[in-house]
Amino acid sequence: TSEAGSGVEWDKETLLEKDRQYLWHHITPHNPNPMIGVSGEGSWLTDIDGNRYFDGMSGLWCVNVGHGREEIAQAAAEQMKTLAYFPPYHSHVPGIRLAEKVNEWLEGGYRIFFSNSGSDANEVAFKIARQYHHQNGEPTRFKFISRHRAYHGNSMGALGATGQANRKTKYEPLGTGFQHIAPPYCYRCPFGQKEGDCRMQCAEAYEDVINWEGAETVAAVIMEPVITGGGVIVPPENYMKRVREICDKYGVLMIVDEVICGFGRSGQRFGHQNFGVRPDIVTMAKGITSAYSPLSATAVREDMYEVFKKGGDSHFRHVNTFGGNPASCAVALKNIEILEREQLVERSASLGESLRGKLEALKDHPLVGDIRTFGLIAGIELVEDKQSKAPAAPDKLAHVISECKKRGLLIGKNGDTVPGFNNVLTLSPPFVTTEEELDFIVLTLGEALAGLL
Ligand code: PLP
């Protein structure tokens, strides 16, 4: 049996055999030799062979407080022993406490609805937005405006909101009513503007789309503060504010997807707080529990909730069995307690600044086209050459990722976008990362990139 796998009863070959026979891996052709992770401590993971890896993506942008937190496991165990389950149309202690805490982190004024995943949280946001308009006497408002490159989840509505063709074809038709506009992608400005002559047409475009669609048909816009999985696309400073103004002008709601940016990843408690806007609806998942247990939430402006409180048939007709599971709420409370006690949001901000500085060392590499950071997120866009900005071929990214892995560093890349645009390496390390570990990340990336010369 494997030494590395405490509690692993089978040897690696048996496990791989059973994996090949029974398990269906997510979003990948079946890999007959997947990594089998067995343990984690801080920012490090150990696989079944005893190899250690720095978790440069915090799993899937989620294990923000790091692996192996005994007190989170204890909080879950205690809650499971006390009350494992209670239907979500009633209430329970960790759910009430967590709703209060999330509202506090959002600076007040929100009502919190719990679900299980980021996709769920966005589905809930879409349904609430439509029902809100319905009950407000505007039943024709059903459309949502999202952006190309965005990822908002895998269910039919959330995938409808997603702006990446490869994830959608073969599953269409998806949820209807989703329109997409160009993202604020300054490195390749979709409006052909040069640095210094930016008139933020990417934000003004919302007004055009709303008008051409007919404002009376538009329910909401949905956006991440920064497009994360779609290539770390950081907008101009005033972009969100301008979109907020346009939304207000036309009675369109603003849904902000904080599934990745929320809970400190952006260097503030929530990503939108960096841009001085107040969304109408905020969705969150991943970092709410640092992925120790599944949970998500949809926060809705308190005065919008009034429309659902009128009695008769006005309530929100939505339930999911596991939504706001007591143990997950207890885990989230402990996770947030750790973020506060260890000042990890502040630490995320300072590590992010430091990482931004250290990554400068890579910018002269001939294949590094652009380096973008936001809080403790970084995207390194690879090109064939800096002049043409032609996106680097996928095998070049695969090479860097595999060379990093050989050296004990796990990194990511942007998801399935349109062919030819899978060219952004991503980093999203845990908030407990040290300066030395940041040096290790940048040094390792440099060595891996050197192999492309
Ligand atoms: N929204 C964003 C921005 C995401 O990155 C993701 C997942 O990566 C989701 C929504 C969907 O979350 P989940 O995978 O928990 O359904």
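Search the range 253-280 for residues that are farther than 17 Å from residue 118 by Cβ and pair each with any residue that is within 13 Å of the ligand (Cβ to nearest atom) when their beta-carbon atoms are under 6 Å apart and the residues are at least 6 apart or on different chains.
274/266
So which helices (runs of 4 or more DSSP H) stay within the range 20-122 end to end and still have 1 or more residues that are under 16 Å from residue 295 (Cα atoms) and more than 16 Å from the ligand (Cβ to nearest atom)?
Working: elements: 58-61, 70-82, 93-105.
Qualifying helices (runs of 4 or more DSSP H): 70-82, 93-105.
Applying the selection to the range 123-133, what residues are away from the ligand (no atom under 16 Å from the Cβ) and either within 21 Å of residue 85 (Cα to Cα) or of a type in the set (Phe, Trp, Tyr) (or both)?
If the condition is that a residue be away from the ligand (no atom under 16 Å from the Cβ) and either within 21 Å of residue 85 (Cα to Cα) or of a type in the set (Phe, Trp, Tyr) (or both), then 132 is the only one that fits.
Scan the range 312-326 and give yes if some residue there is surrounded by 16 or more Cβ atoms within 10 Å (Cβ to Cβ), in contact with a strand residue (DSSP E or B) (Cβ under 8 Å, 6 or more places away or on another chain) and closer than 21 Å to residue 185 by Cα, otherwise no.
Looking for residues that are surrounded by 16 or more Cβ atoms within 10 Å (Cβ to Cβ), in contact with a strand residue (DSSP E or B) (Cβ under 8 Å, 6 or more places away or on another chain) and closer than 21 Å to residue 185 by Cα, one finds none in the range 312-326, hence no.
Tell me the residue from 90, 30, 26 that is under 22 Å from residue 325 (Cβ atoms), outside the structural domain of residue 334 (by TED's automatic domain parsing) and free of Cβ contacts under 8 Å to residues at least 24 places away in the same chain, please. Can you show your working first?
Working: 90 fails: outside the structural domain of residue 334 (by TED's automatic domain parsing); 30 fails: under 22 Å from residue 325 (Cβ atoms).
Every option except 26 fails the conditions.
Which ones in the range 152-194 are within 13 Å of the ligand (Cβ to nearest atom) and within 22 Å of residue 128 (Cβ to Cβ)?
Within the range 152-194, 152, 153, 154, 155, 156, 157, 158, 159, 160, 161, 162, 163 meet the criteria.
Within the range 117-164, how many residues are over 20 Å from the mean Cα position of the chain (by Cα) and of a type outside the set (Phe, Trp, Tyr)?
Filtering the range 117-164 for residues over 20 Å from the mean Cα position of the chain (by Cα) gives 127-143.
Now narrow it down to the ones that are of a type outside the set (Phe, Trp, Tyr): 127-131, 133-141, 143.
Number satisfying all stated conditions: 15.
The values are calculated or read from the model by the stated rules, or taken from the named source; none is laboratory data. Computed from a predicted structure; not experimentally measured. All Cβ positions, glycine included, derive from the backbone under ideal geometry; neighbour counts span all protein chains shown.
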